[in-house]
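Here, each number is a calculation from the coordinates, and none is a lab measurement. The structure presented is a predicted model; accordingly, all values stated were derived computationally and were not measured. Cβ atoms come from the backbone with ideal geometry, glycine included; neighbour counts cover every protein chain shown.
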Amino acid sequence: MTKYVTRRGVRVAVLSGLLPFLVGGCALNEAEPADPQQGQAAPAPETGPDLPNRPRDLPVSGLDEAQICKLIQPEQLDQLGVGGGNPAPKLNEQDFPGCSWLSESGASPSIGVLLSVAPMSIQDRLAETSGGTATTDTLDSGFGAVRSQVPGAESLGCVVAVDVAEGETLEAGLSWLGGDELTNQDMCAKAKQAAEFAVSNLQAQG
């Protein structure tokens, strides 16, 4: 039987504290060029991500931690290289429900996956962020998403936010916790894979 890290409480706290930082350091809009007449940067336009229309709304409203922990199946967790599944501690930066999984003890690289559901639109969720960059994407299922990493801290992880329903955003994050380093592309690919798994399982629920 696979054994997962024993210092789970410590590492879950690290994971849960890291991913809000990753999300909070990213935004889609870049500053406009300075106005030569005023000598100040013009404000960025208030636009949201250019995402495709949702295929349909997914049943995420009101999900609790235990239900979110079931959104990725055991065989899918094996593909991600993580296991377990524990409610993510709620922090000031993230006071909505989530679930976290960790790689097995001694694995290298050591990673964590955090899945959460924010009760706000993806536009509102991204509006809370600033100081970084983000890239729009589309899941295989057709749902629009935004991939985020913090400039200068890309090695810490990647977050994929998915527009899953009206006023609801699903976030899947991958954090590097030690051992062999992962490339930015690998981290975002795993975060997107976690999001794909969760969305696919939500679709199967009807």
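Before moving on, here are some points about what is shown:
- Averaging the sequence gap over all C-alpha pairs within less than 8 Å and six or more residues apart, then dividing by the number of residues, gives the stretch 111-206 a relative contact order of 32 percent.
- Remark: the stretch 75-198 carries a charge dipole of roughly 160 debye about the Cα centre, counting +1 on each Lys and Arg Cβ and -1 on each Asp and Glu Cβ.
- Near G178, the amide H atoms lying under 5 Å from its own belong to S110; only residues 5 or more places off or on other chains count, and H is placed 1.01 Å from N.
- Viscosity 0.692 mPa s, 37 °C: Kirkwood-radius Stokes-Einstein D of the stretch 48-110 over Cα pairs, µm²/s: 235
- Applying 1/(1 + (r/R0)^6) with R0 = 41 Å to the Cβ-Cβ distance of T138 and E104 gives a FRET efficiency near 0.80.
- Semi-axis lengths, largest first, of the ellipsoid equivalent to the stretch 114-199 are 21, 15, 11 Å, with √(5λ) applied to each eigenvalue of the Cα gyration tensor.
- Overall Cα dimensions of the stretch 45-180 - principal axes, largest extent first, Å: 46, 35, 32
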